[in-house]
Amino acid sequence: MTPNMIEIEKLNLTFGHGPQANHVLRDVSFAVKDGESFGLVGESGSGKTTVLRCLAGQYTHWSGEMRIDGKALEHKLDRARCRHVQMVFQDPYGSLHPRHTVETALTEPMAIHGIGERQERIGSILAKVGLNDSYRFRYPHQLSGGQRQRVAIARALILEPRILLLDEPTSALDVSVQAEILNLLADLRQRDGLTYLLVTHDLGVVAHLCDRVAVMQQGEILETLATSDLAGSSPKNAYTRMLVDASREYSRKQEIPETVLLA
Amino acid sequence: MSEIKLQVEDLRVQFLNDGRITDAVRNVSFNLGQEKLAIVGESGSGKSTVGRSLLRLHPASAKVTAKQMRFGEIDLLGIPEKAMQQIRGQRISMIMQDPKYSLNPVMRVGEQIAEAYLAHHKASKAEAAERVLDMLEKVRIRDPQRVYQLYPHEVSGGMGQRIMIAMMMIPEPEIIIADEPTSALDVSVRQQVLSVLDDLVGQRNLGLIFISHDLNLVRTFCDRVLVMYAGRVVESIAAADLDHAQHPYTRGLLAALPSIDHRRDRLPVLQRDPAWLTA
Ligand SMILES: Nc1ncnc2c1ncn2[C@@H]1O[C@H](COP(=O)(O)OP(=O)(O)OP(=O)(O)O)[C@@H](O)[C@H]1O
Ligand SMILES: Nc1ncnc2c1ncn2[C@@H]1O[C@H](COP(=O)(O)OP(=O)(O)OP(=O)(O)O)[C@@H](O)[C@H]1O
Ligand SMILES: [Mg+2]
Ligand SMILES: [Mg+2]
């Protein structure tokens, strides 16, 4: 049996104290196999990004257990996790330094981890995300939204991590570029055995890239199912079924029952 | 068709950086009435640039020209900056693609929306706060009282987008340019937010420019679609007819959509034809 690459057990996280306290993750548990691609979908504000940030070591006040490749995670970030676990952020503007060119943004992580042949690597990674060499010297504000997102993906891939935490990696991309990025991610997984944890609200993307998916609402995982069961009648949970129906098309008449939304 | 609110003829935008010219927008023409007009197209095709040039939101490196760019009787190209400031936000507002970047990082989000309201309405602070809480509820923020007090880095991606939408709707503008306004929303919340926008168009006689790459959404939500490729409009089509689009680029876009019902090993990628640049 394939071992687990990511294991999360009873992860809890609260922001703020006393009456202001907001308990955003409630006993979140799931496991992702080595080389698997696992999706996380669910309501806006349900805690998806927060789960990824805990894994990436950005929040340290969580409780529960997290293991990567069998090793329990400390609350402090170590250098190896830094390199092997890379995250592509939901908001590419926030993750790129405004006064760094694309080239600087890509060189920096390689310099930190002492990786050579930097020029060649930059050229090849940019080509992979569909940007030619003329983009090397651009600043973030001189790129379109989708171009910035692709630079963020290139930056995560350049360290050749084993785990990619992808937060809405293609939500800023049009479908043609999205198709290229999704194919690239599928190829990398096949070639290098990468493990993906992918947050998205696009069920089509989840179905395409992931084997299994967990559905979140208000800090809890409602159910975990095979993506092949999404389209069928198997989703047990009413919220999951509603997501599937709603994703098929936007229609004003199809009112969503209040009970499902506030469940 | 309804009264024309916005007339754009032959819009061109060039960026100059270190002697290099980027032709971001070329010969774009369209009219906007009381309707939902979508602009779709490849990443980098110039969609956001079109939106920004209507409100003169470009850096100094941009050169914007047009035969005509009118908002009712107002010549958007010719008016002084001061007049533009009175249009911006109040009569035409733009929901930016990167919500967190557009919000003030050191101010509570509720106060920012209240400020947008007070800039154009005579009201007390308490009344403004009341309006803001109403608006946050409308865009389906779960706990408006709590979220009012948060700073931009404390809200989720989709909450940030809805905060921007609330902020742009609250001054009751005549035209809203929405740049990927719902890309970070899950489908259920997205439907609610779209209904709010839809109501504005219907009841308040609003014109909406809806920039998106989500063809499924545009197909059902919008009235008309402009398809952009490399800075040009290559096709203008009724949203309901999108399935019968003619241009090979538009057809390629439709084919590249992943779907939960028809799974494929690989997604077809677009074979870009140099002829599309001139045709
Ligand atoms: N630094 C913070 N301080 C306080 N609250 C926070 C902070 N970061 C996130 N939160 C809260 O945690 C909750 C979950 O946020 P998170 O970003 O994980 O949601 P999400 O599922 O990724 O949503 P979306 O799909 O909208 O991006 C939200 O209510 C948010 O306001
Ligand atoms: N300040 C700038 N300097 C130079 N080039 C720029 C600048 N701003 C935008 N561009 C370029 O203009 C082109 C159009 O950009 P725009 O942001 O309008 O694209 P878009 O259609 O909105 O794409 P996306 O869907 O990725 O957001 C892109 O190739 C972009 O790199
Ligand atoms: Mg998020
Ligand atoms: Mg854009």
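The values are calculated or read from the model by the stated rules, or taken from the named source; none is laboratory data. Everything quoted here is computed from the prediction, not taken from an experiment. Cβ: placed from backbone, ideal geometry, glycine included. Neighbour counts: every protein chain shown. These accessible areas exclude ligands, DNA and RNA; they are computed on the full protein's heavy atoms, side chains included. Shrake-Rupley method; radii C 1.70, N 1.55, O 1.52, S 1.80 Å.
Return the percentage of antiparallel bridges among DSSP beta bridges fully within segment A:83-241, rounded to the nearest 5 %. Antiparallel bridges: around 40 percent, rounded to the nearest 5. Each Lys and Arg Cβ is given +1 and each Asp and Glu Cβ -1; about its Cα centre, segment A:144-218 then shows a dipole of about 160 debye.
Placing B:Lys100, B:Lys122 in order of accessible area, with the largest value first and a 1.4 Å probe, yields B:Lys122, B:Lys100.
Residue by residue, segment B:225-236 carries 3J(HN,Hα) couplings of 10, 9, 9, 9, 9, 6, x, 10, 8, 9, 7, 10 Hz when phi is fed to the Karplus relation 6.51 cos²θ - 1.76 cosθ + 1.60 (θ = phi - 60°); x denotes Gly or Pro.
Take A:Arg26: with every protein chain present and a 1.4 Å probe, its accessible area is about 100 Å². Counting only Cβ charges, +1 for Lys and Arg and -1 for Asp and Glu, the dipole size of the protein assembly as shown around its Cα centre is about 920 debye. Taking all C-alpha pairs of segment A:17-145, those more than 26 Å from each other amount to 39 percent. Accessible area per residue was computed with a 1.4 Å probe on protein heavy atoms; B:Glu180 scores about 10 Å².
Which FRET efficiency value, to the nearest 0.05, do you get for A:His17 and A:Asp211 by plugging their Cβ-Cβ distance into 1/(1 + (r/R0)^6) with R0 = 41 Å? Intermediate results must be reported in sequence, preceding the final value.
Values: r = 39 Å, r/R0 = 0.96.
Given R0 = 41 Å and the Cβ-Cβ separation, E is 0.55.
Taking every residue in B:145-156 and counting other chain Cβ atoms within 10 Å of its Cβ, the average works out to 2. Under a straight-distance cross-link criterion of Cα-Cα below 23 Å, which lysines are reachable from B:Lys63, leaving out those fewer than 8 residues away in the same chain? Filter leaves B:Lys47, B:Lys82. Using C-alpha pairs under 8 Å with a sequence gap of at least 6, the mean separation divided by the residue count of chain A gives a relative contact order of 24 percent.
The shape of segment B:93-172 can be summarised by an equivalent ellipsoid whose semi-axes, obtained from the alpha carbon gyration tensor, come to 18, 14, 12 Å from longest to shortest. Place a point 7 Å from Cα of B:Met84 in the direction of its Cβ. Which residues in segment B:1-20 have their backbone N less than 20 Å from it? Hits in segment B:1-20 for B:Met84 at 20 Å: B:6-17.
What translational diffusion coefficient, in µm²/s and rounded to a whole number, does the Stokes-Einstein relation yield for chain A at 25 °C and a viscosity of 0.890 mPa s, taking the hydrodynamic radius as the Kirkwood radius over Cα pairs? Approximately 126 µm²/s, per Stokes-Einstein. Cα axis of helix A:238-248 to longest principal axis of chain A: angle in degrees, 0 to 90, nearest 10? Once rounded, the angle reads 50 degrees.
Using every pair of separate Cα atoms, the Kirkwood estimate puts the hydrodynamic radius of chain B at 19.8 angstrom.
Per-residue ellipticity at 222 nm from helix content only, as computed over chain A with -39500 (n - 2.57) for each DSSP H run of at least four residues, stands at -10000 deg cm²/dmol. When the Cα positions of B:Ser61, B:Ile165, A:Ser233 are compared along the charge dipole of the protein assembly as shown, B:Ser61 comes out farthest toward the positive end, with charges on each C-beta of Lys, Arg, Asp and Glu. Computed on segment B:93-172, with alpha-carbon pairs under 8 angstrom and 6+ residues apart, the relative contact order is 47 percent.
With a 10 Å radius around each residue's Cβ, average the other Cβ atoms per peptide and rank B:75-87, B:253-265, B:21-33, highest first. Before the final figure, lay out the partial values.
On the way: B:75-87: 12.7, B:253-265: 15.5, B:21-33: 17.8.
Going from most to least packed, we get B:21-33, B:253-265, B:75-87.
Using Cα pairs under 8 angstrom and six or more residues apart, how large is the relative contact order of segment A:7-71, in percent? List each step's numbers first, then the result.
On the way: 82 pairs, mean separation 28.1, N = 65.
The value is 43 percent.
Taken along the Cα-to-beta-carbon direction at a fixed 7 Å, the label points for B:Gln246 and B:Glu130 span 5.5 nm.
When DSSP beta bridges are limited to those with both residues in the protein assembly as shown, what percentage is antiparallel, rounded to the nearest 5? Could you put the intermediate results ahead of the total?
Details: 46 of 83 bridges.
Within the protein assembly as shown, antiparallel bridges account for around 55 percent of the total.
When the C-alpha to C-alpha distance is required to be over 18 Å, the pairs from B:Lys5/B:Lys36; A:Lys33/A:Lys71; A:Lys33/A:Lys76; A:Lys10/A:Lys48 that qualify are A:Lys33/A:Lys76.
Shielding of peptide B:248-260 by partners, expressed as the average count of other chain Cβ atoms within 10 Å per residue Cβ, is 5. Surface calculation, 1.4 Å probe, protein heavy atoms: A:Thr240 sits at approximately 0 Å² accessible.
If Lys and Arg each add +1 and Asp and Glu each add -1, what is the summed charge of the other residues whose beta carbon sits under 15 Å from the beta carbon of B:Ala126? Please report the intermediate quantities before stating the final value.
Details: positive: B:Lys122, B:Lys125, B:Arg131; negative: B:Glu111, B:Glu115, B:Glu127, B:Glu130, B:Asp134.
Taking every Cβ under 15 Å from that of B:Ala126, the sum is -2.
Mean per-residue shielding of peptide A:237-247 is 2, counting Cβ atoms of other chains within 10 Å of each Cβ.
Summarising the label geometry, the points placed 7 Å from Cα in the beta-carbon direction at A:Arg136 and A:Asp27 lie 5.5 nm from one another. Geometric descriptor of the protein assembly as shown, per residue, is 159 Å³ (volume of the convex hull of the Cα atoms).
Against the criterion of solvent-accessible heavy-atom surface with a 1.4 angstrom probe, A:Glu7, B:Glu9, B:Glu42 sort, most first, into B:Glu9, A:Glu7, B:Glu42.
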